[in-house]
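Student: Pasting in a structure now, in structure tokens, and then I'll have a few things to ask.
Nothing in this text is a laboratory measurement; each read-out follows from the coordinates by a stated rule. For clarity, every value in this text was computed on a predicted model and none was experimentally measured. Using ideal geometry, Cβ is built from the backbone for each residue, glycine included, and neighbour counts are taken over all protein chains shown.
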Amino acid sequence: MTQDKRTTISNIFVIVGLLTMAVVAVTPLLVNHTFNVELMRWIFTAGATIVLLGRLIGFYQGPSFRIKHLHAILIFSALLYCTSAAMMFIFQGTNNWLAFLFAGLVVQLYASWRIEREEKKEAK
């Protein structure tokens, strides 16, 4: 499988997983707790797992060590999402899972921003 095809499949997985997680994270704010919390936990866990799978599929295979390192950081952010999902089951009734969700978000934003800058440097 070529790198471009792997990247496309990876991006689809990551987008679907992140959208799933976002919907589940925002739903309690919009609905007055009449939804099935247990089902929402499982949907969030599926989204986090899909993001992790997408990050593993799309791991960078190019020559740049720095970009490889930044892609490893993206995998770490997906692991933070999975930890957030685990926290939903371990500490039920609390919002501890939000800390790992936001930590994963910050790490992902940083790594994505740096990958874009490094790819622009290599293109010159």
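Student: Arg55 - would you say it is more than 14 Å from Ala86 (Cα to Cα) and among the basic types (Lys, Arg)?
Tutor: yes
Student: Quick one: which residue in Ser84, Ser64, Ser77 is out of contact with any Lys or Arg (no Cβ under 7 Å at 6 or more places or on another chain), farther than 16 Å from Gly17 by Cβ, surrounded by 14 or more Cβ atoms within 10 Å (Cβ to Cβ) and small (Gly, Ala, Ser)?
Tutor: Unique residue meeting the criteria: Ser64.
Student: Something else about it: Does Phe59 satisfy the condition of being surrounded by fewer than 18 Cβ atoms within 10 Å (Cβ to Cβ), within 11 Å of the chain's Cα centre (by Cα) and farther than 16 Å from Thr20 by Cβ?
Tutor: no
Student: Follow-up. Contact list please: Cβ distance under 6 Å, first residue in region 69-85 and at negative phi, second residue buried (at least 16 other Cβ atoms within 10 Å of the Cβ) and not in a helix (DSSP H, G or I), pairs at least six apart or on different chains.
Tutor: Within 6 Å, the pairs are His71/Tyr60.
Student: Let me ask something additional. Using beta carbons and a limit of 6 Å, which pairs, at least six apart or on different chains, have the first residue in region 26-46 and touching a residue at least 24 places away in the same chain (Cβ under 8 Å) and β-branched (Val, Ile, Thr) and the second one assigned to a helix (DSSP H, G or I) and crowded, with 16+ Cβ neighbours inside 10 Å?
Tutor: Matching pairs, first to second residue: Thr45/Ala85.
Student: Please work out which residue is surrounded by the most Cβ atoms within 10 Å (Cβ to Cβ), limiting yourself to region 99-123 and to residues that are of a type outside the set (Val, Ile, Thr) and touching a residue at least 40 places away in the same chain (Cβ under 8 Å).
Tutor: Step by step, filter region 99-123, then rank; the result is Leu101.
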